[in-house]
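Data first, discussion second: the structure below is written as structure tokens.
Rule-based calculations on the coordinates, nothing more; no lab input. Since we're looking at a predicted model, the values are computed, not measured. Every residue, glycine among them, receives a Cβ derived from its backbone with ideal geometry; neighbour counts consider all protein chains shown.
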Amino acid sequence: MGRYRDPVVIVGAGPTGLTLALSLGLAAVPVLLFEAEPALAHDLRAGSYHPPTLEMLEPLGVTERMHVTGIKVPQWQIRDRVEGVVAEFDLGLLKDETPYPYRLHLEQHRLTPILLDRIRESAPSVEVRFGCAVRRVAEDEDGATVWFTDAAGTLQECRASWLFAADGARSVVRRDLGIAFEGFTWPERFLVASTTYDLGRHGITGAGYIADPEHWAAVFKVPDVGPPGLWRIAYAIPPEADEAVELEDANIQAKLFTIFEHVPLGIERFELKYASVYRVHQRVAARFVGRRTMLGGDAAHINNPLGGMGLNGSIHDAVNIAEKLVRIWHDGADPAPLLDLYDRQRRPINIKAVQAMSIRNKRLLEERDPKVRAERLQELRDIAADPARAKAYLMNTSMINSVREAAAIQ
């Protein structure tokens, strides 16, 4: 184990924590991963993967397995609720930039089992403990101490050479390190409804955004348990709305028929499979590193889902810090500059790219000023009509530029 006696401890078995655990395990770095839940979470929100993410997961033996069930989405749209398609972007324009010139849609709860299977198959240095909730952490010059309750509820403690927090927006690790979570919470909440009705028959792409001052929405298709898959529609509900009332079938039906009022659906009701409501935040931790600790994923940054950047950015965190921890563990690299580099590569990029773009996407869809709205939609028409401009636009929205920009920081 070289100069480090204790393992790398990871808190949280979501995509971020599992990606890091697998990356370190394939490099024979000892890892202990704690997950508070008794099994992998069945998260129904995220599920869209951009080209750089697929590239990063490929060496881990994950991307190929994702394609077995995942849906390739080579085009995505901006639509006006009344007028229809405003702009359609073809990710095939990126074919010279990436081996994956498309989005891949696969529910997050289908990615995590793939990651866990790969750990169990190929990473014997990784131990995953479910039902172990981290209660408190403290770092020092030589590592970190982690206090956790095991599956029986007994309080225990362990030492970590390095501690990585992937324990979500309410991160215990971030709290105990006293790191501020700067930003804001949107006043409205998002309701996500899933239907088996095939919106694709009306020319709606597997990823799309519907602009309207009152009834904007995001639409994307995921595999579900097989054909015809599920179409998820996310829309805002007012701050004062009663969540239980909004989730009533009649109210969801009314909202969906309003969103698609100008689409010739030819149905009397949507077959709904499930629906949920959640709050949406835009927050970034004041720093991503301590002396022996690191933050990633939702513990480090959260944003609205418009653009599919939160999950992707989280996986980028994991792959980025994995490379640095391997160098520290096996090569004896000086930790301080590498942890500082992780902070400088990941935090500013999140603020500049992920936060700014997801906020801009939301404001575009809900813009109320008719003049401003018309100007912004016309700009998108013009961009989509020009292949060179469209490619430049896709380089940003597909996160290729942000990944390259981060890699260039030394």
Measuring from the longest principal axis of the C-alpha atoms of the chain, the long axis of helix 249-259 (C-alpha) lies at a number of degrees, nearest 10, equal to 70
Quick one: Debye curve from the C-alpha atoms of the stretch 236-276, no solvent, what's log10 I(q)/I(0) at q = 0.25 Å⁻¹? -0.93
Relative contact order of the chain, pairs being alpha-carbon contacts under 8 Å that are 6 or more residues apart, as %: 21
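Taking a cut-off of 37 Å, what percent of all Cα-Cα pairs in the chain are separated by more than that? Don't skip to the end; give the middle numbers.
Details: 19356 of 83845 pairs.
For the chain, the fraction of Cα-Cα distances above 37 Å is 23 percent.
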Mind pulling the angle between the C-alpha long axis of helix 310-331 and the longest principal axis of the chain? Nearest 10 degrees, somewhere in 0 to 90. 20
If packing is taken as the average number of other Cβ atoms within 10 Å across a peptide's residues, how do 62-68, 5-11 rank, most packed first? 5-11, 62-68
On a full-extension model of 0.36 nm per residue, what is the gain between ILE409 and VAL68, subtracting their alpha-carbon distance, rounded to one decimal in nm? 119.2 nm
Can you pull out the trypsin sites (Lys or Arg not before Pro) in the stretch 308-410 whose DSSP state is coil and whose Cβ has at most 11 other Cβ atoms within 10 Å? ARG368
Of the residues PRO305, VAL126, ILE204, the Cα lying farthest along the dipole of the chain towards its positive end, which is defined by charges on the beta carbon of Lys, Arg, Asp and Glu, belongs to VAL126
Beta bridges by DSSP in the chain, antiparallel share as percent, to the nearest 5: 75
Label 7 Å along Cα→Cβ of LEU265; the stretch 275-314 residues with amide nitrogen under 19 Å? 275-277
